[in-house]
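Inspection log for the structure reproduced underneath, given as structure tokens.
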Amino acid sequence: MGSKIADWLDERLGWRSVWEAIFLRKIPKVNWLFTLGSATLFVAVNQAITGILLTLYYVPTPDHAYNSVQYITNEVAAGWLIRGLHHWGASAMVVLTVLHMLRVIFLGTYKYPREITWFTGVFLLIIVIGFGFTGYLLPWDQKAYWATTVGTKIASVTPGIGDWILRVMRGGPELSAVTLARFFGVHVWVLPSALMALSGLHLYLVIKIGISEMPGKDD
Amino acid sequence: MNEKKEIDRRSFLGMATWAIGGLIGAGFGIPAIAYIISPATRKDEAQDWIRLGSVSKVELGTPTLFKTKIERQTGWITKEEELSIYVLTENGRDFVAMSNICTHLGCRVRWISDQEQFFCPCHNAGFSKSGEVVSGPPPRPLDQYQVKEEDGQLYVLGG
Ligand code: FES
């Protein structure tokens with residue numbers, strides 16, 4: 001029965017070849033360090049699921065942000081868990097992305113024919129950091145407020161255009177409702193779109209080119 | 001049927017992967033559902049006696065409108081809400097307190113004195129002065145509050 005449905009669907013969707021290409025592809029003999037990318041992907045999915053759930057209650061305005069976060073944490077069933085997963089997942093994202101990158105550097109797998117995989121990966125790291133930076137403000141507590149005050153101020157020391165960058169980031173000279181709204185918009189729309197597009201390409205290339213072998217002594 | 005099925009390493013790992021994946025899925029799914037439906041499962045707040053105003057304001061034989069403010073906690077917001085209640089008495093001793101919320105789909109009804117009827121503008125419903133449905137789609141009479149009179153003041157039980 002199950003396999004009949006699978007056949008029926010396969011005839012129309014061709015899902016088996018996709019499945020095989022993704023999950024049954026041949027890989028060289030490698031070690032556990034090669035799972036860091038998958039681990040990053042797993043945590044990214046965690047961030048997406050818990051992030052979407054958080055927006056059901058979170059309100060990105062100065063008069064509601066803090067209270068809505070407290071409401072999630074203390075009043076909503078499993079709210080502490082969803083928020084906790086998103087909070088710790090955010091740190092795990094940065095750590096895993098960096099470890100994944102280090103593996104690629106040390107095994108030299110950024111070279112031909114994987115340059116595009118590497119560069120999309122570099123942008124993905126920047127996106128992950130952008131997520132961390134914008135997400136940090138959203139609880140709108142003292143730590144969030146001052147961290148963003150300092151973070152945007154750091155950007156303002158850029159020679160020449162520094163002050164302009166600061167104003168664009170804050171949406172004005174001061175941290176305000178405008179800042180919170182735009183950080184939220186960037187965090188839940190701009191960065192996720194960019195992440196999906198780039199990680200789509202990144203994963204396509206991983207599957208298309210295949211993963212590299214462990215380099216030997218004389219490579 | 002005593003043919004023993006050999007489970008090789010590959011299919012064991014395959015099954016283990018599905019099992020772990022299922023556990024992770026449940027680990028997300030169950031809390032997620034609890035999280036989503038949580039506000040709907042909260043108990044309504046405790047009922048309390050709400051003061052409407054002086055008994056002497058109630059006109060004999062005509063529904064009289066009382067407006068009062070109550071505090072409601074919704075999510076993380078405490079807000080003042082206006083409660084409009086029609087009080088009717090025929091003898092000055094027994095009082096009926098009716099909600100102004102239409103029992104059809106929740107619009108607000110209004111007493112039209114020259115027609116001697118409550119009128120709901122949403123789907124043209126009419127209620128008699130004691131709250132019975134006279135015309136239109138509402139399925140039941142206007143809801144009533146428990147009322148009490150104390151020291152010349154009227155109170156209703158609500159929350
Ligand atoms: S809501 Fe009052 S008649 Fe429909």
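The values are calculated or read from the model by the stated rules, or taken from the named source; none is laboratory data. No experiment lies behind these values; they were computed from the predicted model shown. Ideal geometry is used to build each Cβ from the backbone, glycine not excepted, and the neighbour counts take in all protein chains shown. Surface areas here come from the heavy atoms of the whole protein model, side chains and all, with no ligands, DNA or RNA. Shrake-Rupley method; radii C 1.70, N 1.55, O 1.52, S 1.80 Å.
Using 0.36 nm per residue and subtracting the Cα-Cα separation, the extra length available between B:Thr68 and B:Glu80 on full extension is 3.3 nm. Peptide B:25-32 has a mean of 4 when you count, residue by residue, the C-beta atoms of other protein chains within 10 Å of its C-beta.
Provide the per residue accessible area, probe 1.4 Å, for the stretch B:45-157, rounded to a whole number of square angstrom.
Details: 6510 Å² over 113 residues.
Accessible area per residue, the stretch B:45-157: 58 Å².
Mean per-residue shielding of peptide A:52-59 is 3, counting Cβ atoms of other chains within 10 Å of each Cβ.
In plain terms, the chain from A:Asp63 to A:Ile161 could stretch by 32.1 nm, reckoned as 0.36 nm per residue minus the Cα-Cα distance. Here the dipole of chain B is about 740 debye; that uses its Cα centre as origin and unit charges on the Cβ of Lys and Arg (positive) and Asp and Glu (negative). Angle of helix B:9-37 to the longest C-alpha principal axis of chain B, folded into 0 to 90 degrees and rounded to 10: 10°.
About its Cα centre, what dipole magnitude does chain A give when the only charges are +1 on Lys and Arg Cβ and -1 on Asp and Glu Cβ, stated in debye to the nearest 20? Each step should come with its number before you reach the end.
On the way: 17 positive and 13 negative charges, 68 e Å.
For chain A, the charge dipole is close to 320 debye.
Taken over the alpha carbons of the stretch A:142-219 as equal point scatterers, the Debye sum produces base-10 log I(q)/I(0) values at 0.20, 0.21, 0.25 Å⁻¹ of -0.89, -0.94, -1.14.
Nonpolar atom fraction for the stretch B:45-157, defined as the carbon and sulfur part of the 1.4 Å probe accessible area, stands at 45 percent. Taking the protein heavy atoms of the stretch B:1-41 in the context of the full set of protein chains, the accessible area attributed to carbon and sulfur is 68 percent at 1.4 Å.
Seen from a random direction on average, the alpha-carbon convex hull of the stretch B:1-41 projects onto 4.7 square nanometres.
Let's see if you can work this out: charge +1 on each Lys and Arg Cβ, -1 on each Asp and Glu Cβ, no other charges. What is the dipole magnitude of the protein assembly as shown about its Cα centre, in debye to the nearest 20?
Details: 35 positive and 33 negative charges, 333 e Å.
That gives a dipole near 1600 debye.
Between B:Thr41 and A:Leu9, the FRET efficiency from the beta-carbon distance, with R0 = 45 Å, is close to 0.75. Computed from Cα positions, the angle between helix A:79-106 and the longest principal axis of chain A comes to roughly 60 degrees. For the stretch A:9-133, divide the Cα radius of gyration by the Kirkwood radius and give the resulting Rg/Rh value with two decimals. Radius of gyration relative to Kirkwood radius: 1.09.
Mind checking A:61-72 for the average number of partner chain beta-carbons within 10 Å of each residue's beta-carbon?
Numbers: counts 0, 0, 1, 3, 0, 1, 3, 3, 1, 1, 4, 4.
Whole-number average of other-chain Cβ neighbours for A:61-72 is 2.
Ligands, DNA and RNA left out, the 1.4 Å accessible surface of the stretch A:132-203 is 74% carbon and sulfur atoms.
Quick one: which of A:188-194, A:21-27 comes out on top by average Cβ neighbours within 10 Å, and what's the full order, highest first?
Working: A:188-194: 15.6, A:21-27: 9.9.
Packing order, densest peptide first, comes out as A:188-194, A:21-27.
Hey, could you grab the Kirkwood Rh for chain A? Inverse mean 1/r over distinct alpha carbon pairs, Å, one decimal. It is 20.0 Å.
If one takes the accessible area of chain A alone plus chain B alone and subtracts that of the pair, with a 1.4 Å probe, what total in Å², rounded to the nearest 100, results?
On the way: alone 14310 and 11500 Å², together 24260 Å².
Looking at A and B, the buried total is near 1500 Å².
Along its first, second and third principal axes, ordered by size, chain B spans 90, 36, 29 Å in Cα coordinates.
Mind jotting down a quarter of the surface of the convex hull over the alpha carbons of the protein assembly as shown, in square nanometres, one decimal?
Numbers: hull surface 137.6 nm².
Its average projected convex-hull area is 34.4 nm².
Note on the stretch B:80-159: Kirkwood radius taken over Cα pairs, Stokes-Einstein applied at 4 °C and 1.567 mPa s, translational D equal to 98 µm² s⁻¹.
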